[in-house]
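Reading through the structure tokens given below for one structure.
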Amino acid sequence: MADRICSFRGKYGFLSNMTTAVFEWDGRTYRNSEAAFQSSKSLDPKERDSFCELTGVVAKRAGRKVNL
């Protein structure tokens with residue numbers, strides 16, 4: 001039977017949105033997918049730019065304050 005993934009920590013931590021994985025999306029370079037996800041809540045280019053260098057945890061917190 002295959003392993004079930006019950007958490008994105010430990011062995012499966014690399015699957016987390018918080019994991020550092022630098023990539024480019026929509027003309028911006030992000031440090032992790034959580035930052036890209038949170039930035040996508042806004043249409044304001046400056047606000048979206050502000051997420052590019054954030055860690056996943058900080059981006060998630062900042063995403064709660066985004067002007068939707």
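The values are calculated or read from the model by the stated rules, or taken from the named source; none is laboratory data. Bear in mind the structure is a predicted one, so any value in this text is a computation, not a measurement. Cβ coordinates were reconstructed from backbone atoms using ideal geometry, including for glycine residues, and neighbour counts include every protein chain displayed. Ligands, DNA and RNA are excluded from the accessible area calculation, which covers all protein heavy atoms including side chains. Shrake-Rupley method; radii C 1.70, N 1.55, O 1.52, S 1.80 Å.
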For peptides 11-24, 33-46, sequence by mean Cβ density within 10 Å, most packed first = 33-46, 11-24
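When the accessible area of region 21-68 is split by element with a 1.4 Å probe, what percent falls to carbon and sulfur?
55
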query = How big is the shadow of the Cα convex hull of the chain, averaged over all directions, in nm²?
reply = 5.3
query = Could you give the accessible area per residue of the chain, probe 1.4 Å, as a whole number in Å²?
reply = 74
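What is the extension gain from Arg64 to Glu24, computed as 0.36 nm multiplied by their sequence separation minus the C-alpha to C-alpha distance, in nm to one decimal?
Values: separation 40, 0.36 × 40 = 14.40 nm, distance 2.26 nm.
Gain in length upon complete extension: 12.1 nm.
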